[in-house]
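**Student:** Handing you a structure now.
The values are calculated or read from the model by the stated rules, or taken from the named source; none is laboratory data. On a predicted model such as this, the values are computed, not experimentally measured, just so you know. Virtual Cβ from ideal backbone geometry, glycine too; neighbours counted across all protein chains shown. Side chains are part of the model used for accessible areas, which takes the heavy atoms of the whole protein and leaves out ligands, DNA and RNA. Shrake-Rupley method; radii C 1.70, N 1.55, O 1.52, S 1.80 Å.
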Amino acid sequence: MGSYLKNDQDAQRAMARNKPRIVFPILNTLFGLAFLALYIYLLVVTDLTLWSMAIVLPILGMFIFSAWYLGFFSKKKNQKKIYNFQEETQLLLAYAKSLTKYRCYDVPTTKHFKFYKVSDEIFNRDIPKFNIESRCFETEVSGDVQMHFGVTCCGLAIDYETKNLLGVYGMAPCSVWLKRKLKVPTSTKATIRADFDSYKANKQTIFKYLRNSDTFYDSKSGWLCIGDRKLNSLTTTYEIAPDTLVSIYDNDIIAMWVKIESKLSID
């Protein structure tokens, strides 16, 4: 279930395939209990040794557990995932409508923009807040130019006139997040300026960048990373806004890091 469901019919078929079945687990539980009663009876009236319990009881327990897990609990979990995909699909469609006036460039993976440090200060003091209900970042930054990373509608807001990176912006669907333990790189404060090469970045412009990048979420620390989570020694990481980092290698952004809430339920 690594991608969005295409339409409601796909979702309904998936929900039907994952409908929890309670009769099969109950029958298996009764069969298991009957076998246990027979085993206890044989243990009393025959020469069965007590050490056989070390074999029989674990097998019996696994038989009953697997019946309930495969027939009921795993299917309920899958239905929850499907429901979340449906919900996020609707949220994504609604968010996409708000971007219809934007000119969108799908930047090839072979194309690399340039990013340069221009100051040791950061001008955006707004702490990013992630709304788990809308899957959007609630920030004060302007979205005149947006750079979206991976398959999300989330990335960086960029000032139209100066081309300076302002901070995180957009919608980040949780269903594509991969749970990982993240080692957040050491960073220094800086203002970073973008060079879009031959592309024209006017007002209401979106760049789809790093399209093959994954999104990683550390549930314990609350850090979110889009891009390369494992950095080499030649990579430099800058804090461009509170709890917002960019990692740059060879003058190109290879990862964005944002601190959000920990222990978010994203399944």
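**Student:** Let me confirm something: among ILE192, ILE158, which residue is buried (at least 23 other Cβ atoms within 10 Å of the Cβ), of a type in the set (A, V, I, L, M) and either touching a Leu at 6+ places or on another chain (Cβ under 8 Å) or under 20 Å from SER98 (Cα atoms) (or both)? Give the steps one after another, and end with the answer.
**Tutor:** Details: ILE192 fails: buried (at least 23 other Cβ atoms within 10 Å of the Cβ).
On inspection, the qualifying residue turns out to be ILE158.
**Student:** Additional query: Among MET171, MET147, which is the only one that is under 25 Å from GLU261 (Cβ atoms), surrounded by 18 or more Cβ atoms within 10 Å (Cβ to Cβ), under 14 Å from the mean Cα position of the chain (by Cα) and hydrophobic (A, V, I, L, M, F, W, C)?
**Tutor:** Numbers: MET147 fails: under 14 Å from the mean Cα position of the chain (by Cα).
Answer to the selection: MET171.
**Student:** Another question about this same structure. On the phi > 0 side of the Ramachandran plot and either open to solvent by less than 70 Å² (accessible area, probe 1.4 Å) or at pLDDT 90 or above (or both): which single residue out of LEU210, LEU224, LEU165, LEU245 fits that description? Break it down into steps so the answer makes sense when it comes.
**Tutor:** Numbers: LEU224 fails: on the phi > 0 side of the Ramachandran plot; LEU165 fails: on the phi > 0 side of the Ramachandran plot; LEU245 fails: on the phi > 0 side of the Ramachandran plot.
Answer to the check: LEU210.
**Student:** Does region 228-238 include one or more residues that are modelled with pLDDT under 95 and either under 25 Å from ALA94 (Cα atoms) or open to solvent by less than 40 Å² (accessible area, probe 1.4 Å) (or both)?
**Tutor:** No, every residue in region 228-238 fails to be modelled with pLDDT under 95 and either under 25 Å from ALA94 (Cα atoms) or open to solvent by less than 40 Å² (accessible area, probe 1.4 Å) (or both).
**Student:** Show the residue pairs that are 6+ apart or on different chains and have beta-carbon atoms under 8 Å apart, the first residue being within region 153-168 and under 11 Å from PHE137 (Cβ atoms), the second being of a type in the set (Asp, Glu).
**Tutor:** The qualifying pairs are ALA157/ASP144; GLY167/ASP126.
**Student:** Follow-up. Does LYS101 qualify as being surrounded by fewer than 16 Cβ atoms within 10 Å (Cβ to Cβ), of a type in the set (Lys, Arg) and not in a strand (DSSP E or B)?
**Tutor:** Working: surrounded by fewer than 16 Cβ atoms within 10 Å (Cβ to Cβ): yes; of a type in the set (Lys, Arg): yes; not in a strand (DSSP E or B): yes.
So LYS101 fits the description; yes.
**Student:** How many of the residues in region 167-226 are among the aliphatic types (A, V, I, L, M), over 23 Å from LEU264 (Cβ atoms) and out of contact with any Cys (no Cβ under 9 Å at 6 or more places or on another chain)?
**Tutor:** 4
**Student:** If I filter region 127-144 down to residues being of a type in the set (Val, Ile, Thr) and surrounded by 15 or more Cβ atoms within 10 Å (Cβ to Cβ), which single residue comes out as modelled with the lowest pLDDT? Can you show your working first?
**Tutor:** Here is the first cut: in region 127-144, the ones of a type in the set (Val, Ile, Thr) are 127, 132, 139, 141.
In the following step, the residues that additionally are surrounded by 15 or more Cβ atoms within 10 Å (Cβ to Cβ) were identified as 139, 141.
Details: THR139: 79, VAL141: 76.
Per the criteria, the residue is VAL141.
**Student:** Do we have PRO108 as open to solvent by less than 90 Å² (accessible area, probe 1.4 Å), within 24 Å of the chain's Cα centre (by Cα) and closer than 16 Å to LYS259 by Cα here?
**Tutor:** Numbers: open to solvent by less than 90 Å² (accessible area, probe 1.4 Å): yes; within 24 Å of the chain's Cα centre (by Cα): yes; closer than 16 Å to LYS259 by Cα: no.
It is false that PRO108 is open to solvent by less than 90 Å² (accessible area, probe 1.4 Å), within 24 Å of the chain's Cα centre (by Cα) and closer than 16 Å to LYS259 by Cα.
**Student:** So is SER198 of a type in the set (Ser, Thr, Tyr), assigned to a loop (DSSP other than H, G, I, E, B) and in contact (Cβ under 8 Å) with a residue 60 or more places away in the chain or not?
**Tutor:** Working: of a type in the set (Ser, Thr, Tyr): yes; assigned to a loop (DSSP other than H, G, I, E, B): yes; in contact (Cβ under 8 Å) with a residue 60 or more places away in the chain: no.
Here the answer is no, as SER198 does not meet what is asked.
**Student:** Is it true that ASN124 is buried (at least 21 other Cβ atoms within 10 Å of the Cβ) and farther than 17 Å from GLY227 by Cβ? First the steps, then the outcome.
**Tutor:** Working: buried (at least 21 other Cβ atoms within 10 Å of the Cβ): yes; farther than 17 Å from GLY227 by Cβ: yes.
Considered against the rule, which asks whether it is buried (at least 21 other Cβ atoms within 10 Å of the Cβ) and farther than 17 Å from GLY227 by Cβ, ASN124 comes out as yes.
**Student:** A further question follows. What are the residues in region 205-249 that are touching a residue at least 60 places away in the same chain (Cβ under 8 Å) and assigned to a loop (DSSP other than H, G, I, E, B), if any?
**Tutor:** LEU210, ARG211, ASN212, SER213, ASP214, PRO242, ASP243
**Student:** In addition: For the structure I just gave you, tell me whether VAL44 is open to solvent by 90 Å² or more (accessible area, probe 1.4 Å) and modelled with pLDDT of 60 or more. If you could, list the steps in order and put the result at the bottom.
**Tutor:** Details: open to solvent by 90 Å² or more (accessible area, probe 1.4 Å): yes; modelled with pLDDT of 60 or more: yes.
Yes, satisfied.
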